[in-house]
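The values are calculated or read from the model by the stated rules, or taken from the named source; none is laboratory data. Treat the numbers as computed from the prediction; the structure is a model and nothing was measured. Counting neighbours? That spans all protein chains shown, and the Cβs are built from the backbone with ideal geometry, glycine included. SASA here: full protein model, heavy atoms, side chains in, ligands and nucleic acids out. Shrake-Rupley method; radii C 1.70, N 1.55, O 1.52, S 1.80 Å.
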Amino acid sequence: MNSNLLMGIILSVISGLFLVMGAAWMVYSRIRWKTPEYIQKRPEASYTGDDRELLRSCYNAAGSIEGMLSIGISKCKDRKIKKRLRAADSYLKESRYRDYETALFFYASDGSEKTKALFKEMLETELRKRIGLPMKTGGKER
């Protein structure tokens, strides 16, 4: 056989393999992306004091729970916590109900009392913002 013919056959086989692998990856990723992250299995995770402080600072920086989840996903170093935060974010964006309590206490939380207290504090702040309660100082409204 001619060496050019052999080289052409080898390159054709390699390009065919890349084509098949690319198509398989597209089909797999399409199936994977179809399922919202809040429906997928979440790993068991435990928040450390640093992780809770990170979430608190993310909430203060963003000013909302959605923003806190977005910043927390990008800033958090623990992979399991990131997955839980992504599930909570997905729940707020894609679910039927989209309530903060379920997103934080069920999807994002690790079940510890300290984390529940942090999320409860965030929910109370959100509620105060929505209701628009004025702050009172020294008997006069501000």
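Points worth noting:
- Candidates Tyr107, Tyr100, Tyr47 - the one that is of a type in the set (Phe, Trp, Tyr) and over 25 Å from Arg130 (Cβ atoms): Tyr47
- First in the stretch 47-63 and without any contact (Cβ under 8 Å) to a residue 40 or more places away in the chain, second anywhere and among the basic types (Lys, Arg), Cβ under 7 Å, 6 or more apart: Leu54/Lys75; Cys58/Lys75
- In the stretch 53-76 there is at least one residue that is modelled with pLDDT of 95 or more, open to solvent by less than 80 Å² (accessible area, probe 1.4 Å) and among the acidic types (Asp, Glu).
- Residue check for Thr102: farther than 20 Å from Thr35 by Cα and either part of a helix (DSSP H, G or I) or of a type in the set (Asp, Glu) (or both): no
- Cβ separations smaller than 7 Å between residues 6+ apart or across chains give the following pairs from the stretch 64-87 residues that are within 19 Å of Pro36 (Cα to Cα) to residues that are open to solvent by 60 Å² or more (accessible area, probe 1.4 Å) and in a helix (DSSP H, G or I): Ile73/Arg86.
- The helices (runs of 4 or more DSSP H) found wholly in the stretch 1-79 and carrying at least 3 residues that are within 21 Å of the chain's Cα centre (by Cα) and either aliphatic (A, V, I, L, M) or under 21 Å from Ala117 (Cβ atoms) (or both) occupy 49-62, 65-75.
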